[in-house]
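Every number in this text was worked out from the coordinates using simple rules, so none of it is lab data. All values reported here derive from a predicted model rather than from experimental measurement. Every residue, glycine as well, gets a Cβ built from its backbone with ideal geometry; the counts of neighbours run over all protein chains shown.
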Amino acid sequence: MGKLKRANIVLPVIAVFLLWIKTYIVYKTSFTITIENFMQELILFINPISFLLFIFGISLFLKTEKSKMRYIFGTSLLLSLILYGNIVFYRFFTDFLTLPVLFQTTNFGDLGDSALTEIHWYDFLYFVDVAILYFVIRFFRKNVEFVPIKKVQRRAYFLLAAAMLFFNTGLAEAERPQLLTRTFDREILVKNLGTYNYHLYDIFLQSKSSAQRAMADGSELVDIDNYVRAKFVKPDPNMFGVAEGKNLIVVSLESLQSFVINNDVYGEEVTPFLNELINDSYYFENFYHQTGQGKTSDSEFLLENSLYPLSRGAVFFTHAGNELDAMAEKLGEKGYFTSTMHANNKSFWNRDIMYQAIGYDYFYSATDYNITPEISVGWGMKDSPFFDQSVELMKSMEKPFYTKMITLTNHHPFRLDEEDKYIDEYDSKSGTLNRYFQTVRYMDEALKEFFQKLKDEGLYENSIIVMYGDHYGISENHNEAMEQYLGKEVTPFVSAQLQRVPLFVHIPGVTNNGRGEVISKVGGQIDLKPTLLHLMGVNTKNDIQFGEDLFSPDHREFIVFRDGSFITREYVYTRDTCYSKETEEPIEDSYCEPYKEKVQKELGYSDKIINGDLLRFYED
Ligand code: GP9
Ligand code: MN
């Protein structure tokens with residue numbers, strides 16, 4: 001029997017079709033992309049097509065049948081792997097991959113256990129289309145003879161691809177004006193451009209930020225300097241220098257969100273020690289994390305620099321060579337011995353390199369601790385021995401010192417040894433949330449021991465202890481379980497409010513013995529540097545910073561999230577919607593409108609500083 005004759009356009013079209021349908025199914029099943037109207041659904045549906053037509057269309061230029069088939073199969077497999085990479089990443093971070101994240105390879109070794117919990121046996125289903133394509137190709141090889149298409153046909157094919165692209169971007173522009181210039185939100189990008197075009201755009205952003213440093217000459221600083229100077233708020237004279245000369249101990253509390261404070265699981269307090277400590281501290285109940293893809297490292301960056309992290313990747317990786325004017329460096333100039341204490345591999349988040357730029361005198365990492373399997377769980381050393389050994393190390397530090405400690409046990413996937421479980425698991429469909437309460441409870445116990453040990457070793461009186469949650473622990477993937485726990489729907493408003501993390505400023509001699517205060521003003525991690533430096537008696541008037549001293553009577557209640565959402569005293573702006581805090585319901589956009597320009601300015605200026613490495617030109 002003779003072979004069937006088919007134009008060689010058939011195979012790429014089949015490949016386009018298979019991946020297109022799969023991508024759409026993935027959008028609907030594996031990502032939570034909010035769709036508000038028919039137009040958005042249509043854009044979502046068609047957005048993979050243009051890219052797929054182009055990429056598989058390249059096969060039409062290849063000479064031999066064999067090379068065409070190889071190209072089509074290889075491309076389909078590669079794109080499927082990229083898509084699957086996004087799926088797994090999304091399960092973790094409710095976010096899409098970016099190039100800088102992919103290059104954070106030194107983090108990967110430690111991600112093992114965490115990553116495995118996000119990979120399921122049924123994930124092979126994501127590759128069913130690749131298998132189908134394989135058999136189609138085999139069938140074609142045996143039974144079909146290709147007829148090369150004519151030049152005009154090829155042209156028509158690419159014209160169709162281009163038309164698809166224009167149609168898609170046209171609809172997107174109508175639905176979401178200034179899509180590329182205004183937004184930092186990857187969900188909106190994927191929703192409108194499609195996941196593949198989004199990755200192309202990401203490559204473009206990467207080259208742009210690399211070019212920015214080369215082009216910068218410092219003239220960009222004039223506007224930024226004026227902006228920052230105009231927004232500086234004077235410290236409260238009663239608070240300025242209250243901790244001068246004391247040791248500063250900052251504790252970054254892994255994944256601790258505010259909703260567990262003064263809350264319980266089946267009648268058992270989740271954070272009994274911290275709840276008590278509120279009476280003896282300045283406790284900020286409306287304090288938000290502002291981290292992006294860099295998670296813990298982003299919170300460290302905010303703390304030290306009062307600059308925003310980047311919208312893609314972790315600054316710790318992308319800009320570790322930058323000149324900074326960090327809190328550690330300033331305290332060092334004041335005669336402090338400065339360090340970070342974190343019982344993990346020193347290269348995680350590229351810390352060993354970035355810490356040189358921040359200016360710590362020393363980094364106490366895994367090799368400075370005595371870590372045995374008995375005192376390890378999940379990601380490494382347990383918090384309790386970590387605090388215990390850290391205090392031992394503090395005893396021999398030069399005084400006064402500034403140290404930033406980073407806890408680890410309350411990290412996804414929130415594993416604990418039996419003996420460390422003080423409360424029962426919660427019971428919901430999310431194992432992550434169920435275990436979270438137990439590891440938070442464990443961290444709370446470890447903190448209690450830590451305070452006691454500081455007292456026993458005579459370090460307490462001469463120190464000020466500041467603690468904050470680094471970022472969320474429970475992502476939006478667990479909304480259903482969260483709704484069960486909170487007893488209410490997790491709307492975008494509630495999600496934004498769940499980004500609150502506890503901030504404790506505990507000053508022995510000032511706040512203890514019940515002299516604490518609950519402070520309700522809105523603040524964020526961006527405010528930490530000026531707040532803490534002022535408490536330590538260091539001026540920040542000439543610093544390039546975006547935060548404001550939380551104790552200043554002039555502090556403005558306004559914080560910006562990395563994706564352009566923001567919170568004020570009265571409003572929450574998130575997912576393109578303005579909400580009233582009072583009613584928790586959407587209100588007219590005009591209430592939020594006045595803040596939008598400031599949001600773009602803050603994030604834009606901060607990005608300019610980082611991408612252009614502008615502080616190398618700054619002298620105060
Ligand atoms: C790792 C620890 C956790 O050293 O800081 O990092 P995270 O995943 O939370 O960013
Ligand atoms: Mn963290």
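Shape verdict for segment 240-552, please, from the Cα gyration tensor: rounded (a/c under 1.5), prolate (a/b greater than b/c) or oblate. Could the numbers behind the result be given before it?
Numbers: a/c = 1.36, a/b = 1.29, b/c = 1.05.
It comes out rounded by the Cα gyration axes.
Can you compute the helix-only [θ] at 222 nm over the chain? Use -39500 (n - 2.57) per DSSP H run of at least 4 residues, normalise by all residues, nearest 500 deg cm²/dmol.
Taking each H run of at least 4 residues, the total per residue is -14500 deg cm²/dmol.
Near K295, which lysines are there with a Cα under 19 Å away, not counting those fewer than 8 places off in the same chain?
K346, K404, K529
Based on other C-beta atoms within 10 Å, arrange W379, W121 from fewest to most.
The fewest-first ordering by Cβ neighbours comes to W121, W379.
Name the residue from G380, Q212, V147 whose Cα lies farthest towards the positive end of the charge dipole of the chain, charges +1 on Cβ of Lys and Arg and -1 on Cβ of Asp and Glu.
Value computed over the given set: V147.
On a 0 to 90 degree scale, rounded to 10, what angle separates helix 105-116 from the longest Cα axis of the chain?
The answer is roughly 80 degrees.
Enumerate the lysines that K399 could reach by cross-link, defined here as Cα to Cα under 18 Å, with residues fewer than 8 away along the same chain left out.
Cα-Cα hits under 18 Å: K246, K330, K334, K453, K455.
Placing +1 at every Lys and Arg Cβ and -1 at every Asp and Glu Cβ, with all other atoms neutral, what dipole size does the chain have around its Cα centre, in debye to the nearest 20?
The dipole magnitude comes to about 4180 debye.
Could you work out Rg/(2.2 N^0.38 Å) for the chain, with Rg from alpha carbons only?
Taking N as the residue count of the chain, the ratio is 1.05.
What lysines could a cross-link reach from K66, if we take a straight Cα to Cα line under 16 Å and drop same-chain neighbours fewer than 8 places away?
K142
Using mean Cβ contacts within 10 Å as the protection proxy, how do 29-39, 450-460, 566-576 order, highest first? Before the final figure, lay out each step's value.
Details: 29-39: 12.6, 450-460: 15.7, 566-576: 19.9.
Result, highest mean Cβ count within 10 Å first: 566-576, 450-460, 29-39.
Taking the Cβ of each residue in K598, K150 as the centre, tally the other Cβ atoms inside 10 Å and list the residues starting with the fewest.
Least crowded to most crowded, the residues run K150, K598.
For a quick size check, give me the Cα extents of segment 408-523 along its three principal axes, largest first, whole Å.
Rounded to whole Å, the extents work out to 46, 39, 21 Å.
Give, rounded to the nearest 20 debye, the magnitude of the charge dipole that segment 237-362 has about its Cα centre when Lys and Arg contribute +1 at Cβ and Asp and Glu contribute -1 at Cβ. Each step should come with its number before you reach the end.
On the way: 7 positive and 17 negative charges, 85 e Å.
Dipole of segment 237-362, to the nearest 20 debye: 400 debye.
Want the number for T29 to Y422: 0.36 nm per residue separation, take away the alpha-carbon distance, what's left?
Numbers: separation 393, 0.36 × 393 = 141.48 nm, distance 3.64 nm.
Value of the extension gain: 137.8 nm.
Can you tell me what percent of all Cα-Cα pairs in segment 4-212 are more than 25 Å apart?
Working: 9808 of 21736 pairs.
Roughly 45 percent, once rounded to a whole number.
Would you be so kind as to identify which of L274, L486, A243 lies farthest towards the positive end of the dipole of segment 240-552, taking Lys and Arg as +1 and Asp and Glu as -1 on Cβ and the Cα centre as origin?
Of the candidates, A243 comes out farthest on the positive side.
What is the Cα centroid distance between segment 258-321 and segment 146-179, reported in whole angstrom?
After rounding, the separation between the Cα centres reads 45 Å.
Note the full-extension length gain between N37 and R616 as 0.36 nm times their separation in residues minus their Cα-Cα distance, in nm to one decimal. Before the final figure, lay out each step's value.
On the way: separation 579, 0.36 × 579 = 208.44 nm, distance 4.75 nm.
Result: 203.7 nm gained on full extension.
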